[in-house]
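The values are calculated or read from the model by the stated rules, or taken from the named source; none is laboratory data. What you are looking at is a predicted structure, and each value in this text was computed from that prediction instead of being measured. So basically every Cβ, Gly included, is an ideal-geometry build from the backbone, and we count neighbours across all protein chains shown.
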Amino acid sequence: MKKQMFLSAMLLALCLATSLTAQAQNVESDDANLETQLYLIVGTNQDVDDARLPASLDGVVKQLRGTLPFKNYRLAATLINRVKNEGRLQLSWIGGPLASVSGAASGSASTVTPSFSQFNVRQVKLQRNSENQPIVQMLGFNFGARIPIQVSGAIAANGAVAPNFNYENTGVATDISMREAEPVIVGTLNVGPSGDAIILVVSAKRAPIK
């Protein structure tokens, strides 16, 4: 009888300890902030001035060279943001790195015909996979851009030819998960008749507590 009571007490203590540990983990998880990084990489067959990419993207570049037929890759932009666990992220900008991409595609895009870009994530959330490893989920990941593509030229009164542009929509929407601090390829977007492509790469990790 005493042995059964002892075992019951030990089992109860174990359950309480497990519950408290889980609650502590949940509190830590709920209070965590995440640092997200969105990389915009341009894949092209043209020569580029600087083809160096961060060492953290070495694995991604190796994967790209094995699957995509581009001669060169260059980093167009790195967008770093901080978001609370289970929070949302929303960015929008005009021009910037995609302006140079659309310029290469159209031949004469400029600040008069900028690109418009948006990056949204409905929820960034810390989770654990089946192997109990920490992962980051991005629910409602959405990247979109409106890029000017030259379609024709109009003759002005002085005889000069003014280019005409159409804005083309491009983007990707998905739900993804990744290991902390491990960059993953989200998707590729073709940009105009040049054959160039924008490759979206994202990573996320817990931000240090300050």
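Picking from 130, 194, 152, 203, which residue would you name as being over 12 Å from the mean Cα position of the chain (by Cα) and within 20 Å of residue 42 (Cα to Cα)?
On inspection, the qualifying residue turns out to be 194.
Go through (1) surrounded by 15 or more Cβ atoms within 10 Å (Cβ to Cβ); (2) outside any strand (DSSP E or B); (3) of a type in the set (D, E, K, R) one by one and return the number of the condition residue 182 breaks.
(1)
Name every residue in region 59-86 that is closer than 16 Å to residue 200 by Cβ and in contact (Cβ under 8 Å) with a residue 60 or more places away in the chain, in order of residue number.
Within region 59-86, 59, 60, 63, 64, 68, 70, 73, 76 qualify.
Determine, yes or no, whether residue 174 is surrounded by fewer than 18 Cβ atoms within 10 Å (Cβ to Cβ) and touching a residue at least 60 places away in the same chain (Cβ under 8 Å).
Here the answer is no, as residue 174 does not meet what is asked.
Residues in region 78-89: is at least one assigned to a loop (DSSP other than H, G, I, E, B), at pLDDT below 95 and under 27 Å from residue 146 (Cβ atoms)? Outline the logic, then answer.
Step one: of region 78-89, the residues assigned to a loop (DSSP other than H, G, I, E, B) are 85-86.
Filter once more, keeping what is at pLDDT below 95: none.
The answer is no, given that none of the residues of region 78-89 is assigned to a loop (DSSP other than H, G, I, E, B), at pLDDT below 95 and under 27 Å from residue 146 (Cβ atoms).
Rundown of residues vs (1) more than 19 Å from residue 191 (Cβ to Cβ); (2) at pLDDT 95 or above, yes/no style:
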| site | (1), (2) |
| --- | --- |
| 114 | no, no |
| 121 | yes, yes |
| 126 | yes, yes |
| 136 | yes, yes |
| 142 | no, yes |
| 151 | no, no |
| 155 | yes, no |
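Can you name the residue in region 157-187 that is modelled with pLDDT of 95 or more and either of a type in the set (Ser, Thr, Tyr) or not assigned by TED's automatic domain parsing to the domain that holds residue 60 (or both) and, of all such residues, is farthest from residue 205 (Cα to Cα)?
Filtering first and then ranking leaves 174.
If you take the residues in region 61-77 that are closer than 16 Å to residue 189 by Cβ and touching a strand residue (DSSP E or B) at 6+ places or on another chain (Cβ under 8 Å), which one is surrounded by the fewest Cβ atoms within 10 Å (Cβ to Cβ)?
Filtering first and then ranking leaves 68.
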